[in-house]
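The structure appears below as structure tokens.
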Amino acid sequence: MTVRTREELPRILKEAFYIARTGRPGPVVVDVPKVIQQALGPDEYPKEVNIRGYKPNESVHMGQIKKAVSMLKKAKRPLFLIGGGVNISGANAEMKELAERTGVPVITTIMGKGAIPTSHELYMGNIGIHGSYAANHAVAECDVLFSIGTRFNDRITGKIEEFAKDAKIIHIDVDAASISKNIVVDIPIVADAKLAIEKLLDEVPKLEIQAWTEQVRGWKKEHPITMENYEGLTPEKIIRYINEHFERPIITTDVGQNQLWATQYIELEGNRQFLTSGGLGTMGYGFPAAIGAKLGNPDTPVIAISGDGGMQMNIQELATAVTLELPLILVVLNNGYLGNVRQWQELFYGKRYSSTCLRYRRSCERRCQDSREACPPYTPDFVKLAESYDAYGIRISKPEELKEAFDYALSHKNAPTIIECLIEPEANVFPMVPTGNTLGDMILG
Amino acid sequence: MGMEMKKRYISLYVENRIGVLAKISGLLAGKSYNMDTLTVGETEDPTVSRMTIGLTIDDITFEQVKKQLNRCVVVIKVMDFSEIPIHKKELLFIKVSGCGEKDKAEVFRIAQAFGLEVIDYDKRRVLVQCVKTESANNDMIRLFNQTFPSRIETVRGGSVAIEAISTSEQ
């Protein structure tokens, strides 16, 4: 909204915060022209908001809840698909209760990760193009897909005609426009996730579906996600180190392979420990998000996991973090490439690397396809870069150095530390469902 | 719900503010929903404008259009005019040029036969006003085009529609 007169400024600000925090929350742009910024006026801030075109849904249609429960009761192979809506509405405890009460296995989108603890015996992993074998196969095989707070975007559906094609689909979402947009659903329920789950808890029984749950759990056990076939310092080892040595840290990620690995390996317990840009996928998100997280949670360790590409997209924020004396741990997974694009170029474009190698020079041989010893040095030097901002930096290349690096970072109480991790340049994120394939049709790596 | 394309009308109550028209048309364009017509004007309440949007669209996409419009903060109310009795009219001007006496007489005859109004003319030109439904106006344009090929100029305003009381044209 553009503020056009000084008189409407308080009302517009009040409305902006109201819209940003209710319904499906999200940013609101308020454009305050310079003349309004300088104009004098009263500081009265309205107490009430009444926007006639904006009435967020605050109830649940019980008829639809009952229909959903009755469909769930008849299911032989039910599955919960949980999106970011559950985390946003803070329904984590209720969701865990719902899963335990019914015994239905749970899979999540990457925005939904952490909806129930990742260590929970009913949690089967992420769905989607880099989701787990168990989660993707469970969607293909389930007969009732009970989805809450997800948009069914193309990262999770794979070939849309084949998505959950044997299943009846129930969909709870606070945004009516997200329902039956990409996937036509059988039972739509427009409601806040927390409210709807609370109502469900009054109605659901324990389901007799042990065989199915065991089957999904079996897939999870037989096909775990791992980078064991790569040697040395792998993202898996770095993230597992964080899992083992930090109690409930806040993790932010950038966008790209660093994010995908983080969503695969991070363990989460409780709401809002994991901040990642899943919708628009904006590179450069991770580091500024960590600054915000630390300002809001000064006593919680905050770790940003970035790639060497994304880290440089908002590198100027190092000055902000230094100014604000924030002890952030900035883990940079440096493979010398814009890795996710490079992975696509490798797998789907005959390894014709274009504008993804960050060691490239104009004088390089054309169509070079390897990273070799003879390649020009990588830029920037992240350790020197950190030091130039009066922050700290350390570079590691072996798993044994993880402890030293994290201890070094933790020893700084009022400045950020970059831990630059030199990882295998051409490591890929697997498993992967190539675009247009059905979810079950995965490259396992 | 089918994928077959149908003509539909939506009536929208929106905030009467700068930028609202751009927002609504931008929303439809951004989602590649093709509007046939859009009219907008202030209502009896000067803080509210009313839009009539005509679309040729399938059921599933139409549901999306309504939901997307509904979630827009500047939209106060969305009314689907597809299934309810309404009145709808469109203003159309047809100007016929290069007329001899015989042509002019023919224009007047057509106007009389179809209930159009001749609102202006001179020696060689006649201006006709049609207030009919969009499809009847299409018929009029076709008729004038056939009768006076390459000699007509038209401008039309897009449909406006309102719920019916005791009779309708739906």
Quiz item: residue A:97: in contact (Cβ under 8 Å) with a residue 24 or more places away in the chain, of a type outside the set (Gly, Ala, Ser), open to solvent by 70 Å² or more (accessible area, probe 1.4 Å) and in a helix (DSSP H, G or I), yes or no?
Solution: yes
Quiz item: Looking at the range A:339-351, is at least one residue open to solvent by 80 Å² or more (accessible area, probe 1.4 Å), out of contact with any strand residue (DSSP E or B) (no Cβ under 7 Å at 6 or more places or on another chain), in the same structural domain as residue A:254 (by TED's automatic domain parsing) and among the aromatic types (Phe, Trp, Tyr)?
Solution: yes
Practice problem: May I ask you to say which residue of B:111, B:105 is closer than 20 Å to residue B:156 by Cα, outside any strand (DSSP E or B) and not β-branched (Val, Ile, Thr)? | Solution: B:111
Exercise. Select from the range A:400-424 the residues that are open to solvent by less than 40 Å² (accessible area, probe 1.4 Å) and not hydrophobic (A, V, I, L, M, F, W, C) and write down the one among them that is farthest from residue A:347 (Cα to Cα).
Key: A:412
Quiz item: When you look at residue A:14, is it on the phi < 0 side of the Ramachandran plot, open to solvent by 30 Å² or more (accessible area, probe 1.4 Å) and outside any loop (DSSP other than H, G, I, E, B), yes or no?
Solution: yes
Exercise. Could you look through the range A:128-173, keep only residues that are in contact with a Ser or Thr (Cβ under 9 Å, 6 or more places away or on another chain), over 24 Å from residue A:220 (Cβ atoms) and at pLDDT below 95, and pick out the one that is farthest from the other protein chains (Cβ to nearest Cβ)?
Key: A:154
Quiz item: Out of the range A:142-182, which residues are assigned to a strand (DSSP E or B) and open to solvent by less than 10 Å² (accessible area, probe 1.4 Å)?
Solution: A:144, A:145, A:146, A:147, A:148, A:169, A:170, A:171, A:172
Practice problem: Of the conditions (1) open to solvent by less than 50 Å² (accessible area, probe 1.4 Å); (2) within 10 Å of another protein chain (Cβ to nearest Cβ), residue B:59 clears all except one; give me its number. | Solution: (2)
Quiz item: With respect to residue A:250, is the statement that it is aliphatic (A, V, I, L, M), on the phi < 0 side of the Ramachandran plot and open to solvent by less than 10 Å² (accessible area, probe 1.4 Å) true?
Solution: no
Quiz item: In the set A:269, A:236, A:247, which member is within 23 Å of residue A:344 (Cα to Cα) and not β-branched (Val, Ile, Thr)?
Solution: A:236
Quiz item: How many of the residues making up the range A:332-363 are of a type in the set (Phe, Trp, Tyr) and within 21 Å of the chain's Cα centre (by Cα)?
Solution: 1
Quiz item: Taking the range B:1-20 as the search range and keeping residues that are open to solvent by 80 Å² or more (accessible area, probe 1.4 Å) and hydrophobic (A, V, I, L, M, F, W, C), which one is farthest from the other protein chains (Cβ to nearest Cβ)?
Solution: B:5
Quiz item: Inside the range A:183-194, can you point out the residues that are open to solvent by less than 20 Å² (accessible area, probe 1.4 Å), in a loop (DSSP other than H, G, I, E, B) and in contact (Cβ under 8 Å) with a residue 40 or more places away in the chain?
Solution: A:191
Quiz prompt | Enumeration of residues in the range A:27-49 that are surrounded by 10 or more Cβ atoms within 10 Å (Cβ to Cβ) and more than 14 Å from every other protein chain (Cβ to nearest Cβ) | solution = A:32, A:35, A:36, A:37, A:39, A:41, A:45, A:46
Quiz item: Got a sec? Which of A:24, A:52, A:77 is buried (at least 18 other Cβ atoms within 10 Å of the Cβ) and within 14 Å of chain B (Cβ to nearest Cβ)?
Solution: A:24
Exercise. Consider residue B:105 carefully, then state whether it is over 18 Å from the mean Cα position of the chain (by Cα), open to solvent by 30 Å² or more (accessible area, probe 1.4 Å), more than 20 Å from residue B:8 (Cα to Cα) and among the small types (Gly, Ala, Ser).
Key: yes
Self-check item: Residues located in the range B:34-50, provided they are open to solvent by less than 70 Å² (accessible area, probe 1.4 Å) and either away from chain A (no Cβ under 13 Å) or among the small types (Gly, Ala, Ser) (or both)
Solution: B:35, B:36, B:37, B:38, B:39, B:41, B:43, B:49, B:50
Exercise. Filter the range A:308-325 down to residues that are closer than 13 Å to residue A:290 by Cβ and free of Cβ contacts under 8 Å to residues at least 40 places away in the same chain, then give me how many there are.
Key: 4
Quiz item: Among all residue pairs at least 6 apart or on different chains, which show Cβ distances below 8 Å where the first residue, located in the range A:257-285, is in the same structural domain as residue A:300 (by TED's automatic domain parsing) and open to solvent by 60 Å² or more (accessible area, probe 1.4 Å) and the second is assigned to a loop (DSSP other than H, G, I, E, B) and of a type in the set (Lys, Arg)?
Solution: A:269/A:248
Quiz item: Residues A:112, A:90: which one is open to solvent by less than 10 Å² (accessible area, probe 1.4 Å) and part of a loop (DSSP other than H, G, I, E, B)?
Solution: A:112
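The values are calculated or read from the model by the stated rules, or taken from the named source; none is laboratory data. Predicted model, so just to flag it, every value in this text is computed and none were measured. Here Cβ is always computed from backbone atoms with ideal geometry, including for glycine, and neighbour counts include all displayed protein chains. Heads up: the accessible areas ignore ligands, DNA and RNA and are worked out on the full protein's heavy atoms, side chains in. Shrake-Rupley method; radii C 1.70, N 1.55, O 1.52, S 1.80 Å.
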